[in-house]
């Protein structure tokens, strides 16, 4: 029994066929060459804006999704690490893909990212779990432009060592054609965010002293 083709394959194959027709038509020239080029253009248009356009957007949407789980050990106490992560406004200082987070200190926050195409995505989130020095979790509100969830779990590994378990999911509610093309021709959002997180975990121990404890939000009850 044949395996079903992926959306990416269903887009790439006709796109390559369209390009081949256009190039062959140019090389052949004359009336027949013009017909071949027109056929290639028609195939390309059908792939992008017809049923294939939907396939292209779905394939791009999958590349824009993020589903990450990472575990790190940081040479700082649990209390210090929790003081940092409980204030979401600290996140953009270390994660490049985040433009800003405004923490209202009442369990809600406003998140802004800028996509590789330059578009801004904004959404509101609410804290869903809060246990001091152990765990903090959040989730985007219903109807947001992005469906996102995150959780940070902390465990002491000594007086000045903390294990950090980070899980993040992220999926834009809508993927336009240009977003899909960019996603399919560039690095995936998961790869980009993974690099950001890995670098942040390297920099965090040395940079935590830059953050004044008075900047951090009050403890949520």
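On the stretch given as the range 108-131, residues that are at pLDDT 95 or above and part of a loop (DSSP other than H, G, I, E, B) total 0.
Taking residue 68 as the residue in question, decide whether it is in contact with a strand residue (DSSP E or B) (Cβ under 6 Å, 6 or more places away or on another chain), at pLDDT 80 or above and buried (at least 18 other Cβ atoms within 10 Å of the Cβ). In short, no.
Being assigned to a strand (DSSP E or B), more than 27 Å from residue 58 (Cα to Cα) and at pLDDT 90 or above is true of residue 100.
For the structure I just gave you, tell me whether residue 146 is under 19 Å from residue 69 (Cα atoms) and modelled with pLDDT of 85 or more. Judged against the criteria, residue 146 is not a match.
The values are calculated or read from the model by the stated rules, or taken from the named source; none is laboratory data. Bear in mind that the values here come from a model prediction, so they are computed numbers and not experimental data. Cβ atoms come from the backbone with ideal geometry, glycine included; neighbour counts cover every protein chain shown.
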